[in-house]
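Worksheet: one structure, shown below.
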Amino acid sequence: MRIVSVFPILASLLCSIIVPAKGDRPNILMIAVDDLRTELGCYGESHIVSPNIDRLAASGLRFDRAYCMVPTCGASRASLFSGRRPSPDRFVRYTARIDEDSPQSIGLHQYLKRAGYRTASLGKILHYPADQSDGWSESPWRPDRSEPTITEPILGWTEPANINALLKQSRNKRLPFASFDAEDEALGDGKVAAEAVRRIKTFAKSEEPFFLAVGFFKPHLPFNAPKKYWDLYDKLPIDLPDNYYPPEDAPKEAIHNFGELRNYGGVPKSGPIPDAMARTLIRGYYACVSYTDAQIGKVLDALDAEGLADNTIVILWGDHGWNLGEHTLWCKHCTFENAMQAPLIIRSPVHRSSSQGSTTKTLAEFIDIYPTLCDLAGIKPPSGLDGQSLVPTLENPADPGKGFAIGRFRDGDTIRTDRWRYTEYSSEESSGRLKIVARMLYDHDRDPDENRNLANLPEYASIITELSKQLNAQKGR
Ligand SMILES: [Ca+2]
């Protein structure tokens, strides 16, 4: 009984300590992009037209080595918002939710709301809008995502007659790409951007600090975008990746059958994707990135137009990477660099002099986002978070940081260090003990595309022992 009566007093004292005075807190605009890999103008060596993400990077800090915790939508987002590492029992699938997998966690949005923020979720933020929905000041908002009629079948990958047959199929047989002769707002992300602009105008009139989380659905499959974004790449010769083959000596566990893509109409159920279709998929992905980039531009413009940019932290992340044919893989769902790495850009107005237009090679994990935003907002993070603040990197982009990034997918646990990516795959024995059944090791100094698995070579045994020890000491349980 004594504990119950004392708790509200303690809680009240705690809140009075951690919450800065009203008016001192910066706003936070979070932009989440579904399935965005680090192939963008600002990340270099890309044909992708992404002027708006590029200008955000030019005014903020671009993280060149930021990693998701789980390369699948819901699990990545639940881990990010809870600030907790995934484990074999927590944040496993795309359907993961915090209130089921980690019910004791206070979500980032819940915590900011308690600290006096007006919190809003638009579009795709957590996989289920109902997950910890009490952390949003108003019900999470999602657009109507019905799409216009396809007026322009994508040619060049199969016979026109087959396309017409596919167009008549039911929704679950739809094609993996489509072009619409339509305005941006005819599709979901255009509606998300328009709603975000409306909210920013409303929030500008309020004294309350806001945490506005804006989640775009593209470039997630299907690669459907208005025609003008396809036209950006109309003349571009699209090549298949240089490493359109599995890595040398990679275990079978590393390569999946990209079932997510094979569910679509016209995609073969097994075997390689026909080259013409592969090229169209790459072009379609590019079109969707440019479409989303244009929507992001509208949101950034609204922030400027309302005079909020100088008091608003902007953070952009993709929930995980994507394979566009590398190693013959498509989609995410693996522990290669292409699936684990994702864009991360942070623009902190008070760190302009140290970070504006800079890049960093500090290894960052997406569980670091929660304590970073608390730090930037002047709020002490809750106990029990697994990540650490990236503010030292905003203050000095050469900051060494923690020096590793750990993640997992299904039976694979993976660690990235400055030089290495190491993955070990486990299987449960009849005794219940986990046994390592396969390993991968890539030397990023010599093999940044991860084309040769070194794990079975005896000369790397001591490096593997060290990486395995570090991985198992730090991974989520
Ligand atoms: Ca995703």
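The values are calculated or read from the model by the stated rules, or taken from the named source; none is laboratory data. As the structure is a computational prediction, the values presented were derived from the model and not from experiment. Quick reminder, even Gly has a Cβ in these numbers, built from the backbone with ideal geometry, and neighbours come from all protein chains shown.
Among the conditions (1) more than 16 Å from the ligand (Cβ to nearest atom); (2) crowded, with 21+ Cβ neighbours inside 10 Å; (3) within 20 Å of GLY412 (Cα to Cα), the only one that GLY83 does not satisfy is (3). The number of residues in the range 69-96 being in contact with a Phe, Trp or Tyr (Cβ under 6 Å, 6 or more places away or on another chain) and within 26 Å of ASN323 (Cβ to Cβ) comes to 10. Filtering GLU253, GLU195, GLU260, GLU208 for residues that are assigned to a loop (DSSP other than H, G, I, E, B), acidic (Asp, Glu) and in contact (Cβ under 8 Å) with a residue 60 or more places away in the chain leaves a single hit, GLU208. Examine the range 58-79 for a residue that is of a type in the set (Phe, Trp, Tyr) and in a helix (DSSP H, G or I), and state whether such a residue exists. Taking every residue of the range 58-79 in turn, none turns out to be of a type in the set (Phe, Trp, Tyr) and in a helix (DSSP H, G or I). For the range 239-271, a residue qualifies if it is among the acidic types (Asp, Glu) and surrounded by 17 or more Cβ atoms within 10 Å (Cβ to Cβ), and the qualifying residues are GLU253, GLU260. When the criteria are applied in full, GLY60 meets the requirement of being away from the ligand (no atom under 16 Å from the Cβ) and either of a type in the set (A, V, I, L, M) or surrounded by 24 or more Cβ atoms within 10 Å (Cβ to Cβ) (or both). Elements of the type helices (runs of 4 or more DSSP H) sitting completely within the range 92-180 and holding at least 3 residues that are modelled with pLDDT of 95 or more and surrounded by 13 or more Cβ atoms within 10 Å (Cβ to Cβ): these cover 98-101, 108-114.
For the range 69-79, the candidate set comprises residues that are out of contact with any Leu (no Cβ under 8 Å at 6 or more places or on another chain) and of a type outside the set (Ser, Thr, Tyr); within that set, the residue that is surrounded by the fewest Cβ atoms within 10 Å (Cβ to Cβ) is CYS73.
In the condition set (1) farther than 30 Å from TYR233 by Cβ; (2) away from the ligand (no atom under 16 Å from the Cβ); (3) modelled with pLDDT of 95 or more, ILE18 is compliant with all but (3). Cβ-Cβ distances below 9 Å connect the following pairs, each with a first residue in the range 295-319 that is farther than 21 Å from CYS68 by Cα and at pLDDT 95 or above, a second residue that is within 16 Å of the ligand (Cβ to nearest atom) and assigned to a loop (DSSP other than H, G, I, E, B), and a separation of six or more residues or different chains: GLN295/LYS218. When you check ARG77 against the structure, is it modelled with pLDDT of 95 or more and within 16 Å of the ligand (Cβ to nearest atom), yes or no? Taking the combined requirement at face value, the residue satisfies it. Among the residues of the range 41-80, those that are touching a His at 6+ places or on another chain (Cβ under 7 Å) and not small (Gly, Ala, Ser) comprise CYS68, PRO71, THR72, CYS73, ARG77. Do we have any residue at all in the range 96-118 that's within 16 Å of the ligand (Cβ to nearest atom) and touching a Cys at 6+ places or on another chain (Cβ under 6 Å)? Scanning the range 96-118, I find no residue that is within 16 Å of the ligand (Cβ to nearest atom) and touching a Cys at 6+ places or on another chain (Cβ under 6 Å), so the answer is no. For the range 297-335, the candidate set comprises residues that are assigned to a helix (DSSP H, G or I) and small (Gly, Ala, Ser); within that set, the residue that is farthest from the ligand (Cβ to nearest atom) is ALA305.
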